[in-house]
Amino acid sequence: MRLWIFILSAVLLTGFPASCSAASVGVSGNLEVGPTYNSGSQDTIVESHLGIKLELNQDEKQSGVVLLQYKAKTPESLGDWEDGYNTLTVNQAYLDITLSPESILRAGRQKIAWGSGLAWNPTNYFGADKNRADMTNEFPGVDAVDFETVFGQSSLTVVVKQDGSLTDWGEGVKYVTRLGRGDLAFSAFRQGSANGFGFDWATSLGDYTIYTELASKAGTGRFYVTDSGGELLWVARPAGKRFINGVIGINRTFPDNVMVQLEYYFNEAGWDAGEADHYARYLDDPAHHAEVGDLMKEKGDLFGDLRKKYLYFLIRKAEIADDWTMACRVMWNIDDGGLMITPMAEYRLGQSSQATFMINLFTGGKTTEFGGVLTGTQYTAKVSLSF
Amino acid sequence: MFNKRMAWGLILLLGLSMIPLVHADMSGEEIMDKTEAIMRVNDGRYLIDMTTSRPGKEDRTSRMQVYVKDADKVLARMLAPVQEKGQGYLKLGDDEWLYLPNANKSIRISGSQSMQGSDIQADDVLKVKLTDDYAVTLTGMENISGQNYYVLELNAKKNSVIYSKLRYWIKQADFLPAKTEYYALSGKLLKTAVYSQIKSLGGRTRPTVMEVSSELRKGNKTTVVFLEAEYNVVYPDSMFTRMALEKGK
């Protein structure tokens, strides 16, 4: 799959298809730079993100994309957690092949985003997990072949995803139809010993949009820390044990550019209080940090929905004063009572640039998910430019 | 002496004097239909620039390509500026979706959602046929600067529309719109649109500029300029699907 990405990237970079009739390569990107001060560790890191997007357009329609992302963080802070300080990743590299007016095949590294939820997507079996502290943070896509066909009011999507080795494949299928004033989707997946199925429904009524997702999964390898006679160990949940997770949400738009969103998430496989306590004790030993960091990178779904029940709230108002947009996001872990509160302000600097100021406030005891965050309150200021 | 010339003149005079009477018999819906026949793209496309102006601030302009089929299916694609390029809107009947390229997903939205932070709501661009959603009544005539205008009142027939009432001023001579007032359920005036720059666009003579001023925030306005239009072009149904919206087709 990596060879495929290289070939596709080379093709787009050299503009080879431009020699074909009505084909062109478009280039765009975004640059984001800014410091974050962590009050807990009393240090400042500066993060830079540079994204370059190459679009292959054929007959004025997009038929391929390569998205390169360069990330850098400096100076080193909590180094054993972090994803690396200078990384260049190919976030996306795919080609679209129009098989017919009703059918498209997309092959390559791509972002798969099933589900209507904003903060959580239980039915997004293959998609990269979100960074819930900063939902604008891009994660790499997945290597897959995605076939979609539409018929009447419905569509069928089949995904075949590769995961590392040539022998490790996963398959997923999703059927979507319009039902009354709503969109109803049924989906299922299988990958190795993991499997699951679910549904997703969304509708808009007046100024309200309402959605829900529910998935039943097994064998997805969720980890937790257990106390085995005084020794703390990471263990995986039984492969055959099925669990349910789901989300229900509502958002409403108000006059004068105000939007409010509320989302409730539950996860049967989340950690209970005992497991959370074991995890907190596990982290007390810095020698375990590297191991947990590696698990985060490998397993992806380790954080962000550690516990069983969450409530997410967002209020946003654009043009609160001229070029200012204000928002506040609250993530409440209902089980342990901890909160992550993120007030944000965006200021439009120009047609293609803006400044963002954000604070991540964490409340709760040491053994709570948010109260136990080692960075403490984070203060971030960043400038972003699109080109 | 009464001659042929005098006779023709008399006939012409009688004919001209009948015109206001003939139009006075027209219902509000008939007048609205004539206006929409000029303004509406039932099957075709148009290209617009949307410039949002705020007092003392630099204007910002978005460019959008809009495709319409059967006056009921609408696909709008943002072409500029660069951070909005690729975003799209899809309307099928009363249902609307917004596509966010960064998330690679389309989400359901309500028609009251602001478009690109402007004074224009999604329904203002995506709703093509007002008479489907509003009951139209001719409330009277006004003479403004020597021109006669029909004054129409449009009252919502459905809960799904974002304005409970609209008032339309339509020029009697050519059925071109001159002004629209948009009202909330409370009766509060939300915004006013004024039409100007009458030109030939795609073979039809019509206003090519619509200036929408916020009544909630004086000084805020959004100007929509129609750059191109093509009428009677039938696009395939497959173009008005979420797949097409999400995969840029």
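The values are calculated or read from the model by the stated rules, or taken from the named source; none is laboratory data. Fair warning: this is a prediction, and the values are worked out from it, not measured in the lab. Every residue, glycine among them, receives a Cβ derived from its backbone with ideal geometry; neighbour counts consider all protein chains shown.
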Looking only at region A:24-68, which residues are surrounded by fewer than 16 Cβ atoms within 10 Å (Cβ to Cβ), of a type in the set (V, I, T) and farther than 21 Å from A:S384 by Cβ? none
Return the only residue of B:L190, B:L154 being in contact (Cβ under 8 Å) with a residue 60 or more places away in the chain, surrounded by 15 or more Cβ atoms within 10 Å (Cβ to Cβ) and of a type in the set (A, V, I, L, M, F, W, C). B:L154
For region B:72-83, which positions are at pLDDT 85 or above and either within 8 Å of chain A (Cβ to nearest Cβ) or within 21 Å of A:Q62 (Cα to Cα) (or both)? B:V74, B:L75, B:A76, B:R77, B:M78, B:L79, B:A80, B:P81
Identify, from the list A:G221, A:G274, A:G230, A:G196, the residue that is under 28 Å from A:D168 (Cβ atoms) and modelled with pLDDT under 90. A:G221
Tell me whether region B:176-189 contains one or more residues that are part of a strand (DSSP E or B) and over 24 Å from B:Y46 (Cβ atoms). yes
Quick one: in region A:223-241, of everything that is surrounded by fewer than 15 Cβ atoms within 10 Å (Cβ to Cβ) and of a type in the set (D, E, K, R), which residue is farthest from B:Y183 (Cα to Cα)? A:E231
Quick check on my filter: what residues within region A:368-387 are surrounded by fewer than 17 Cβ atoms within 10 Å (Cβ to Cβ), β-branched (V, I, T) and over 30 Å from B:L79 (Cα atoms)? A:T377
Kindly establish whether A:R252 is charged (D, E, K, R) and within 30 Å of B:D119 (Cβ to Cβ). yes
If you check B:V224 against the conditions, is it in a strand (DSSP E or B), within 30 Å of A:R178 (Cβ to Cβ) and more than 10 Å from chain A (Cβ to nearest Cβ)? yes
Considering region A:84-124, residues that are aliphatic (A, V, I, L, M) and assigned to a loop (DSSP other than H, G, I, E, B), and then whichever is farthest from A:V25 (Cα to Cα), we arrive at A:A119
Please verify whether region B:205-224 includes one or more residues that are farther than 21 Å from B:S53 by Cα and surrounded by 14 or more Cβ atoms within 10 Å (Cβ to Cβ). yes
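Yes/no per residue for (1) in a loop (DSSP other than H, G, I, E, B); (2) modelled with pLDDT under 70; (3) away from chain A (no Cβ under 14 Å); (4) surrounded by fewer than 17 Cβ atoms within 10 Å (Cβ to Cβ):
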position: B:N102; (1), (2), (3), (4): yes, no, no, yes
position: B:S106; (1), (2), (3), (4): no, no, no, no
position: B:D123; (1), (2), (3), (4): no, yes, no, no
position: B:A135; (1), (2), (3), (4): no, no, yes, yes
position: B:N143; (1), (2), (3), (4): no, no, yes, yes
position: B:K158; (1), (2), (3), (4): yes, no, no, yes
position: B:I162; (1), (2), (3), (4): yes, no, no, no
Which one is nearest to the other protein chains (Cβ to nearest Cβ), of the residues in region B:33-60 that are touching a Ser or Thr at 6+ places or on another chain (Cβ under 6 Å) and surrounded by fewer than 18 Cβ atoms within 10 Å (Cβ to Cβ)? B:D59
Any residue that is free of Cβ contacts under 8 Å to residues at least 12 places away in the same chain, surrounded by fewer than 20 Cβ atoms within 10 Å (Cβ to Cβ) and within 11 Å of chain A (Cβ to nearest Cβ) - is there at least one of those in region B:227-235? no
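Condition check ((1) at pLDDT 90 or above; (2) of a type in the set (V, I, T); (3) under 16 Å from the mean Cα position of the chain (by Cα); (4) closer than 21 Å to B:A71 by Cα) across all residues:
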| site | (1), (2), (3), (4) |
| --- | --- |
| B:T205 | yes, yes, yes, yes |
| B:V212 | yes, yes, yes, no |
| B:N220 | no, no, no, no |
| B:V225 | yes, yes, yes, yes |
| B:Y235 | yes, no, no, yes |
| B:E246 | yes, no, no, no |
Give me the residue from region B:54-83 that is of a type in the set (D, E) and within 20 Å of B:T223 (Cα to Cα) and, out of that set, nearest to the chain's Cα centre (by Cα). B:D59
Residue satisfying condition, being closer than 30 Å to B:N159 by Cβ and touching a Leu at 6+ places or on another chain (Cβ under 6 Å), within set A:T177, A:T226: A:T177
Among the residues listed as A:K61, A:K111, A:K73, the single one being out of contact with any Pro (no Cβ under 7 Å at 6 or more places or on another chain), at pLDDT below 85 and within 14 Å of chain B (Cβ to nearest Cβ): A:K61
Sort out which residues of region A:242-257 are assigned to a strand (DSSP E or B), buried (at least 16 other Cβ atoms within 10 Å of the Cβ) and within 13 Å of chain B (Cβ to nearest Cβ), and write them in order of number. A:G249, A:N251, A:R252, A:T253
Tell me, please, whether a residue that is under 14 Å from the mean Cα position of the chain (by Cα), among the β-branched types (V, I, T), within 21 Å of B:D133 (Cβ to Cβ) and modelled with pLDDT of 90 or more can be found in region B:18-34. no
Check region A:290-303 and report whether any residue there is among the small types (G, A, S) and either buried (at least 18 other Cβ atoms within 10 Å of the Cβ) or at pLDDT 75 or above (or both). no
Checked region A:201-226 for anything within 14 Å of another protein chain (Cβ to nearest Cβ) and of a type in the set (A, V, I, L, M); matches are A:A202, A:L205, A:I210
Given the criteria under 20 Å from B:D59 (Cβ atoms) and either of a type in the set (S, T, Y) or in contact with a helix residue (DSSP H, G or I) (Cβ under 7 Å, 6 or more places away or on another chain) (or both), does B:S213 qualify? yes
Checking the condition among the hydroxyl-bearing types (S, T, Y), surrounded by 15 or more Cβ atoms within 10 Å (Cβ to Cβ) and in contact (Cβ under 8 Å) with a residue 24 or more places away in the chain, which residue from A:S204, A:S187 passes? A:S187
